[in-house]
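Chemist: Take this structure, written in C-alpha cells, and hold onto it; I'll ask about it next.
The values are calculated or read from the model by the stated rules, or taken from the named source; none is laboratory data. All values derive from a computational prediction rather than experimental measurement. FYI the Cβ positions are ideal-geometry reconstructions off the backbone, even for glycines, and counts take in every protein chain you see. Calculation scope for accessible area: heavy atoms of the full protein, side chains included, ligands and nucleic acids excluded. Shrake-Rupley method; radii C 1.70, N 1.55, O 1.52, S 1.80 Å.
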Amino acid sequence: MLFKRFLQKSRPRIVAITVVRNEIDIIESFVRHTATMVDEHLIVDHCSHDGTGEILKSLRAEGIPLTLLSNNDPAYNQPVVTNVLMRKAFDEHGADWVLPLDGDEFIQPPEGADLHESLTDPPKHRGCLTYAFRTYHPHPADDHRELNAARRIGHHFVSETGEYHKILVHRSVAKHEELHIRPGNHHLNIGDFLIPPVVLPCFELAHFPVRSLGQ
C-alpha cells in the first residue's frame, strides 16, 4: 500500500496549453487524443466563429478535463497568450510539466509508452525537453470517408525544414520571472538566455497544418 501511494505521489502532473482559432474540422480529435496523455488541458479560444467554441464546451460537459478561456482581442498574439497559459498552468493548476500544443498537433508516443512514465524519470535537463515533429499532408489516396484528419492523413514529408521540434517545460524553471516560450513553441528562454533543450527519446509530434487538397 505504501509503495502504491509512493508511485501515485511521484506521478508528474502534465498540463497541456493551447490557443485555437477556427479549428472545427480537427478540434474534437485533437482534444480527445491529448486527453489520453495529460491531466488537464488549458485552451484559449481566440475569436472562433466556426463552431470550435461550442465543440469545446460540449467536450468539457462530457467530463474531459478542460479549462476553457476566451480571448476576443482582434490581434492574434499567440506567443503572449501561450506564456500567460504557461504561468497559469504552473501557478493555478499544479503542473509539473507544461506541454504547449497547437490545435493541429498530436503527440505520438512509441507503441506501449506512457508520457507520464517517461516524465517520471526523464533525461537530465535544465527545465526543458524537446521532441521532433513530422508534418503530414493530404494525398489523393486518403480515405475521405474518415472524418478524423489524424487518421485520414497518413503521408508526411520525407524530411523537415526549419525548426522541427517542440518543447515541454518543467516546474523547476517556473520561478524565473523572465521565463518565456518563444514563438512557435520551439524554444524556452530566461530573458535572453536560451535554455539548452534535452531530447525526450522516441516521442514525436504529428503536425496536420493542411487537412484537405483544396485547403
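Chemist: Residue farthest toward the positive end of the dipole of the range 78-149, with Cβ of Lys/Arg at +1 and Asp/Glu at -1: which of HIS93, LEU115, VAL80?
Modeler: VAL80
Chemist: Another question, if that's okay. If you place +1 on the Cβ of every Lys and Arg and -1 on the Cβ of every Asp and Glu, how big does the dipole about the Cα centre of the chain come out, in debye to the nearest 20?
Modeler: 660 debye
Chemist: Tell me the net charge near LEU42. Cut-off is 13 Å between Cβ atoms, LEU42 excluded, with +1 for each Lys or Arg and -1 for each Asp or Glu.
Modeler: Spelling it out: positives minus negatives among the neighbours equals -1.
Chemist: Most fluctuating residue of ARG21, ARG32, ARG87 in a GNM of the chain with Cα springs under 10 Å: which is it?
Modeler: Result for the chain, Cα springs under 10 Å: ARG32 fluctuates most.
Chemist: Moving on. Taking amide H positions as placed 1.01 Å from N in the peptide plane, with prolines and chain starts having none, which residues 5 or more places from HIS165, or on another chain, fall under 5 Å of its amide H?
Modeler: Under 5 Å from the amide H of HIS165 lie the amide H atoms of PHE133, each far enough along the sequence or on another chain.
Chemist: Right, another one. For ILE26, ILE64, write out the residues from largest to smallest accessible area, computed with a 1.4 angstrom probe and no ligands counted.
Modeler: These residues rank, largest area first, as ILE64, ILE26.
Chemist: Oh, and also: Starting at the first residue of the range 185-191, write each ³J(HN,Hα) from the Karplus equation 6.51 cos²θ - 1.76 cosθ + 1.60 with θ = phi - 60°, in whole Hz, x for Gly and Pro.
Modeler: 6, 9, 9, 10, 10, 10, x
Chemist: Can you tell me the dipole magnitude for the range 87-215 around its Cα centre, using point charges on the Cβ only (Lys, Arg +1; Asp, Glu -1), in Debye to the nearest 20?
Modeler: That gives a dipole near 120 debye.
Chemist: Let me ask something else about it. Using a ≥ b ≥ c from the Cα gyration tensor of the range 79-142 (square roots of the eigenvalues), is it rounded, prolate or oblate, where a/c under 1.5 gives rounded and otherwise the larger of a/b and b/c decides, a/b for prolate?
Modeler: oblate
Chemist: Thinking of the chain as a set of Cα atoms, what percent of all their pairs are more than 22 Å apart?
Modeler: Of all Cα-Cα distances in the chain, 52 percent exceed 22 Å.
Chemist: Using 18 Å as the cut-off for backbone N distance, which residues of the range 20-57 belong to the label zone defined by a point 7 Å from the Cα of GLU146 along Cα→Cβ?
Modeler: Residues 25-34 qualify, since their backbone N sits under 18 Å from the label point.
Chemist: Once you keep just the Cα pairs under 8 angstrom separated by 6 or more residues, what percentage relative contact order results for the range 34-120?
Modeler: The value is 31 percent.
Chemist: For the chain, with a Gaussian network of springs between Cα atoms less than 10 Å apart, report the residue from LEU69, LEU119, LEU101 with the top mean-square fluctuation.
Modeler: Most flexible of the set in this elastic network: LEU69.
Chemist: Among VAL199, VAL158, VAL44, which one shows the biggest mean-square fluctuation in a GNM of the chain, springs joining Cα atoms closer than 10 Å?
Modeler: VAL158
Chemist: Which percent, nearest 5, of DSSP beta bridges in the range 77-215 are antiparallel?
Modeler: Just about 75 percent of them are antiparallel.
Chemist: What does the net charge come to around ILE55 if you take all other residues with beta carbon closer than 14 Å to its beta carbon, with K and R at +1 and D and E at -1?
Modeler: -3
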